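Before any comments, here is the structure.
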Amino acid sequence: MNDLVVRFEHIVKVFSEGTHREVRAVDDFSLSVARGQLVTLLGPSGCGKTTTLRILAGFESATSGSVYIEDRCVNDIPPQKRETSMVFQSYGLFPHMTVYENVAYGLKVKHVPKAQIKRQVAEVLSLVGLEGLERRSVGQLSGGQQQRVALCRAIVTKPKVLLFDEPLSNLDAKLRKGTREQIRRLQQELGITSIYVTHDQAEAMSISDAIAVMNVGRLQQLGTAEEIYSRPANRFVADFIGEANFLPARIIEVGDGRVTIRIFETEITVEQDSTNFSPNEEVEAVVRPEAVDVIEVDQGDVNAEILFSHYTGSVVLYALKLPDGSRMEVQVANPKERGLLPVGARVGLRLHRKSIHLLKKEL
Amino acid sequence: MRLSSYRRELQNEIKRLIHDPVLLSIVVVIFALLIIFIIFPLVKVVQFSLWPGGKFDPKYFLNFFRKTYYWRPLINSMIVGSLVSLFGTIVAFIFAYGITRTDIPGKGIFRLIAVMPIVSPPFLIALAAILLLGNHGVITDALRLNWDIYGLPGLVLTETMAYFPIAFMILEGVLAKIDPSIEEAALDMGASKLRTFLTVTLPLAIPGIASAMLLVFIRSLEDFGNPVVIQGNFQVLTVAAYHAVTGMYNMPLGATLAIFMLLPTLMIFIVQKYYVARRSYITVTGKPSGVGLKSTEPHVKYPVLALMIFLSGVILLMYGVVLFGSFTKIWGIDNTLTIQNYLYVFKVGGQYVLDTIQIALIATPIGGVLSILIAYLVVRKRFIGRGAMEFISMLNFAVPGVVVGIGYILAFNTPPLRLSGTALIIILVFIFRRMPVGIRDGIAQLQQIDPSIEEASSSLGAGFFRTFTRVTLPLVAPAFLSGLVYIFVRCMTAISAVVFVVSASWQLLTVALLYEVDQANLAAAAAYGYVIIAIVLTAIVFMRFVVERLFQKGFSPIARE
């Protein structure tokens, strides 16, 4: 699997308005994608993920740096010659053509014989359950169907790389989950190398082989869904992926693959790569809301007072005040079983040892 | 660092253009066309004025200020322009207010009447004024008046009627977009209707009013058709330049007068585009709600309605009297009805009809495709000189027709580009004079279309040409076709630029009409006018039929949000 299909090398994209104003949309971005993988660019809006994708497609050119597709530098290759296909956020279907004409468009451009076009279009439409709709005008389709036509149109040409630009953001929540599964299944069955852009972390985590978290144009962390959630590289990633409490802690002892810290007057040993840490260092402990038990007062690592409770049915999220006055959030699943605690109640909190992740203090 | 990344982006742009030979060659060809057929004639005008006979000699330029005979027309043009701009905007405001802000009946008809002068030859109004108020005019005779319509009063009357529709279309758009909740807020706080109008509605409309006044002023300044018919001894600049070129064959003088026409129009164009248009409050708050606050109070509604009926009556009367005149034997002397004028038009002017239609049919599709192509490049492509391309191609919007015409005869009278006397020079004038409107509409239409549709095409492997013809052009087809109608109509009704480039072998209907007016053959002139109107209406109806046939499937090319 060392066969790299896409390589970004030190991509910089500056949007300038004349010589006096400029925005660095992408800043020294490097990433490699192996054959058959689906890598997601995840980040808040304006983080440069779509610009990066459009640089790969050829709709934007990088200010500096290079893009390679199968070891060929494509910096100066126009989009139509890059053999990438994009599934657009707004689908970008040709409104004056039928479903068949939309899907066949890329094959016609390639001068594929007519009979073969017919066969391939029928084949790909049946993959997504759109057989029989060939003659429909795309305006007559539902949003979900339009989305699938866009997907068919992109995969039928067998591109080297398939690009997704927030393809699900125009669908409603229920449809989104099903389409997500469908995209992933197709991508794996056909083995198409894919790059997927989204700001929705749940979408990214469920669909990807690897996730590249981006912020202000820079790559923050590259890893599997599990890695970026449980071992975030920095405060931004920890905060952006899921919910996080950042608790102050001090390092007592550094061992091989383990770090002992003092947190809330308690000493806890955390399993983590220790090379970057040294004794007596002030660090931040990332504690997920679900990685804390709410127990009797004086029984846990620290006592706290309930300030507010957000009850949502499946879980209850307590906002708590710690002895030093700072605030912490803790989530309790299935509150029906345990009973809801009233605002003002004093409780004890016990941190799950394995789930604590330490970060260097950021200035 | 900043400068270097800017420079690197610039280098990337050049590289991209070189790697896209189709786009590169199209850009190069269009720039060549723009420079030859827009810039070059203007350069020639300046050259003939300041370098007459090849040496720098500003004597014509300086003479302009020395002799009353030269600068008086400029003053006259300014006086006419100011009055027409004032009255035209007032008339337009009454119509726009009535249609957008009251609940008067018959809005559709009023709207139709208000835009009617746009699709007819502009100087038909002047002809109507003569038929009504001239020496043998219907009203003159009926009231036994002894007045002279020729001169300032006639100019102001006819140009006001001819150009208020432009102001009307701007003001209607502006008034319709003023959010009624802003006015309701004022009423809520206890302001009276009048106070609300004066302190809220009117101030919000002021940028629109300023735009309308400036555009009407430009149109009046560059109008040739009406003044040449009705100016009398009140010589305006366009006609003075025309006489200098075609009567005295004094090219340096004509060029100098052209420059003094060009300077104010260019200045106003820039002020309007870069200053007034930016002041618009509408684009800032702009939630186009469509439904205005309708004033139903009788003391507002009925005076507005009465004025609109009166003004509409005047317009209808003008068209009516020309129609009537076209069927009279000798206007004012023998008013028996006859169709001899139309027979005359087809006998003497049959060739003109064919020439005009032929030239219009050639110029229309070329101008239409070129406009859409330039609009596409400007909106969708990034390349060096994109801003310059937009500016140059829109320049003729501000250049008076008379200046264009003089520029063309100066530029294309000698080899290598000897075009005078050909049909080609007329076609070129039409194409490059009407392009700005086509480009502006094309830009507006393209901005409504989701760019990812075209990106999808190129990501599927389609090159520039395929994407443009298979995706872009079908999507802008409705706007493209209505653009074609516009160009065709203007080809049929234009006079100011083409009057300089027509020749014995290629003659136009508008020029023939002018000739008949000159010969005091008013009935024949009126018949020519209605032949033009008939052709224009046929074209409009035909195109509407085609559009409905083509698009009855009813797709919407506008991206769904």
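Okay, here's what the table says:
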read-out	value
Among B:Val541, A:Ala210, B:Ser5 - extreme Cα towards positive end, dipole of the protein assembly as shown, charges at beta-carbon	B:Val541
Residue-averaged 222 nm ellipticity for chain A, from DSSP H runs of 4+ at -39500 (n - 2.57), nearest 500	-7000 deg cm²/dmol
Residue-averaged beta-carbon neighbours from other chains (10 angstrom radius) around B:446-458	6
Heavy-atom accessible area ranking, 1.4 Å probe, most first, across B:Asp103, B:Asp518, A:Asp301	B:Asp518, B:Asp103, A:Asp301
Options B:Ala306, B:Leu143, B:Asn233, ranked by Cα towards positive dipole end of chain B, top entry (Cβ charges)	B:Asn233
Residues in region A:63-80 occluded by at least 20 Å² - accessible area, probe radius 1.4 Å, against chain by itself	A:Thr63, A:Ser64, A:Asp76, A:Pro78, A:Pro79, A:Gln80
In Å², nearest 10: area of B:Thr538 left accessible to a 1.4 Å probe	90
Residues listed by number, region A:272-293, amide nitrogen under 15 Å from A:Thr260 label point at 7 Å toward C-beta	A:272, A:278-281
Environment charge at B:Val531 (Cβ cut-off 14 Å; Lys +1, Arg +1, Asp -1, Glu -1)	-1
Residue-averaged [θ]222 nm for chain B, counting only DSSP H segments that reach four residues, each worth -39500 (n - 2.57)	-23000 deg cm²/dmol
Diffusion constant of region A:245-360 at 10 °C, which comes from Stokes-Einstein with the Kirkwood Cα-pair radius and 1.306 mPa s, µm²/s	108
Where Rh is the Kirkwood radius over Cα pairs, Rg/Rh for chain A	1.06
Three-way shape label, region A:1-93, alpha-carbon gyration tensor, a/c 1.5	prolate
Given A:Lys160/B:Lys15; A:Lys110/B:Lys381; A:Lys114/A:Lys160; A:Lys13/A:Lys118; A:Lys110/B:Lys15, the pairs whose alpha carbons are separated by over 32 Å	A:Lys13/A:Lys118
Anchor B:Lys193: lysines whose Cα lies under 28 Å away (excluding residues fewer than 8 positions away in-chain)	B:Lys107, B:Lys177, B:Lys287, B:Lys294, B:Lys301
Point-charge dipole on Cβ atoms (K/R +1, D/E -1) for region A:4-238, about Cα centre, debye to 20	580
Solution diffusion estimate, µm²/s, Stokes-Einstein, the protein assembly as shown, Kirkwood Rh from C-alpha pairs, 10 °C, viscosity 1.306 mPa s	48
Cα-centre dipole for chain B with unit charges at Cβ (Lys and Arg positive, Asp and Glu negative), debye to 20	1240
Area of B:Tyr319 that stays accessible when all protein chains are in place (1.4 Å probe, Å², to 10)	20
Sites B:Asp57 and A:Gln188 - FRET efficiency at Förster radius 56 Å, r taken between beta-carbons, to 0.05	0.10
C-alpha center-to-center spacing [region A:238-283, region B:206-235] in angstrom	80
Positive-end extreme of charge dipole, chain A - chosen from A:Pro95, A:Gln331, A:Ala25 (charges on Cβ)	A:Pro95
For chain B, accessible area per residue (1.4 Å probe, heavy atoms of protein chains only), Å²	44
Solvent-accessible heavy-atom area per residue, rounded to whole Å², over chain A at 1.4 Å	46
Mean separation of Cα contacts under 8 Å (6+ apart) over length of chain B, as relative contact order %	21
Cut-off under 5 Å, modelled amide H: who pairs with A:Asp76 long-range	none
Model label zone, A:Lys174; criterion: amide N under 20 Å from point 7 Å along Cα-to-beta-carbon; scope region A:129-165	A:129-130, A:141-148
Rounded FRET efficiency, nearest 0.05, which uses the C-beta distance separating B:Arg386 from B:His19 and R0 of 22 Å	0.80
More than 48 angstrom apart: percent of Cα pairs within chain B	14
Simple spin-label estimate for A:Arg338 and B:Ile36 in nanometres, 7 Å along Cα-Cβ	8.2
Förster radius 41 Å - calculated FRET efficiency between B:Ser503 and A:Ser66, Cβ distance, rounded to 0.05	0.10
Nearest-10 value in Å² for the accessible area of A:Glu305, using the 1.4 Å probe	70
Nearby lysines by direct alpha-carbon distance to A:Lys336 (threshold 29 angstrom, same-chain neighbours under 8 apart not counted)	A:Lys174, A:Lys177, A:Lys321, A:Lys354
Accessible surface buried once B binds A (1.4 Å probe; total of both sides; Å²)	3300
Alpha-carbon centroid distance for the pair region B:76-152 / region B:2-54, whole angstrom	43
In sequence order, calculated HN-Hα J values of region B:92-107 (Karplus, 6.51, -1.76, 1.60; Hz; x Gly/Pro)	4, 5, 4, 4, 5, 5, x, 7, 9, 10, 10, 10, 5, x, x, 4
Size of charge dipole - the protein assembly as shown - debye, nearest 20, with Cβ of Lys, Arg +1 and Asp, Glu -1, no other charges	2500
Region B:437-522: relative contact order in percent, alpha carbon pairs under 8 Å with at least 6 residues between	26
Accessible surface of the protein assembly as shown, 1.4 Å probe, proportion on carbon and sulfur as whole %	59
Computed Rg/Rh of region B:213-273, alpha carbon atoms with Kirkwood Rh	1.01
Region A:55-119 versus region A:129-163: alpha-carbon centroid distance in Å	14
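The values are calculated or read from the model by the stated rules, or taken from the named source; none is laboratory data. Everything numeric in this text was worked out from a predicted model, so none of it was measured. All Cβ positions, even for glycine, are placed from backbone atoms using ideal geometry, and neighbour counts span all protein chains on display. In case anyone asks, the SASA skips ligands and DNA or RNA and just uses the protein heavy atoms, side chains included. Shrake-Rupley method; radii C 1.70, N 1.55, O 1.52, S 1.80 Å.
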